[in-house]
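A short worksheet on the structure shown next.
The values are calculated or read from the model by the stated rules, or taken from the named source; none is laboratory data. Everything quoted here is computed from the prediction, not taken from an experiment. FYI the Cβ positions are ideal-geometry reconstructions off the backbone, even for glycines, and counts take in every protein chain you see.
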Amino acid sequence: MIDKPKRNRRIYFAVLSVGLVVCLFCLIYPINIIRPNRSQNPRDLAIALAVMRFRGVATVICVLTTLAALVIYWQAQCSWWRRSFATLGAALLCVLGALSRVNIYEALMFHPDLHPTFAAASRIKLGKGEKVITVKVHGVARAYPIRNISYHHVINDVIDKVAIVATY
């Protein structure tokens, strides 16, 4: 028969492990699937969007369950190093839970390019078959490579004193 502290330790680590796996999945899977210039199949994209939709609730449940298990573990465990290790695990889970609630695309990747730089078309090297968005205003033309816009989604520009927004 397993003694109570050992049983509590196993239960806590099982709860912590499941919580860490869920929070890591909620953090990493959507980032891996929904990223610029990566082909996505409809099934993976649907799963990633579903994870993003429900990850807030899932991570809150994981964090609350782990914190409740930590309290029980603290009451049953008198060793300070085991308590410290368990607290570090719970803190890591809380950090992962918080990070998974941040929309990484809005926070870090997709932001307007407020000061685009331009060069003559003869000086630009584009890959074979590379796509661009072109705009012509009052005889002045600009081309915005899709590979650049895919990271910003919005290019604010002024062409011949006319403000424009190129988006993709």
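Scanning segment 59-89 for residues that are aromatic (Phe, Trp, Tyr) and touching a residue at least 12 places away in the same chain (Cβ under 8 Å), we see that the one that is surrounded by the most Cβ atoms within 10 Å (Cβ to Cβ) is 73. Condition (residue is outside the structural domain of residue 153 (by TED's automatic domain parsing), loosely packed, with under 13 Cβ neighbours inside 10 Å and either on the phi < 0 side of the Ramachandran plot or free of Cβ contacts under 8 Å to residues at least 12 places away in the same chain (or both)) applied to segment 23-31: is it met by at least one residue? So far as segment 23-31 goes, no, none of its residues is outside the structural domain of residue 153 (by TED's automatic domain parsing), loosely packed, with under 13 Cβ neighbours inside 10 Å and either on the phi < 0 side of the Ramachandran plot or free of Cβ contacts under 8 Å to residues at least 12 places away in the same chain (or both).
Scanning segment 22-31 for residues that are modelled with pLDDT of 85 or more and out of contact with any Cys (no Cβ under 9 Å at 6 or more places or on another chain) returns 24, 25, 27, 28, 29, 30.
So is residue 143 modelled with pLDDT under 80 and not β-branched (Val, Ile, Thr) or not? In short, no. Please verify whether residue 45 is in a helix (DSSP H, G or I), farther than 28 Å from residue 88 by Cβ and in the same structural domain as residue 102 (by TED's automatic domain parsing), treating the condition exactly as stated. So residue 45 passes the test. Within 22 Å of the chain's Cα centre (by Cα) and over 18 Å from residue 28 (Cβ atoms), is that true of residue 70? In short, no. Here residue 92 fulfils each of the conditions (1) in contact (Cβ under 8 Å) with a residue 24 or more places away in the chain; (2) surrounded by 14 or more Cβ atoms within 10 Å (Cβ to Cβ); (3) in contact with a Lys or Arg (Cβ under 8 Å, 6 or more places away or on another chain) apart from (3).
Within the bounds of segment 102-120, is there any residue that is in a helix (DSSP H, G or I), modelled with pLDDT of 80 or more, closer than 30 Å to residue 53 by Cα and in the same structural domain as residue 62 (by TED's automatic domain parsing)? No, the conditions are met nowhere in segment 102-120.
Looking only at residues of segment 34-51 that are surrounded by 17 or more Cβ atoms within 10 Å (Cβ to Cβ) and at pLDDT 85 or above, we find that the one that is nearest to residue 130 (Cα to Cα) is 48.
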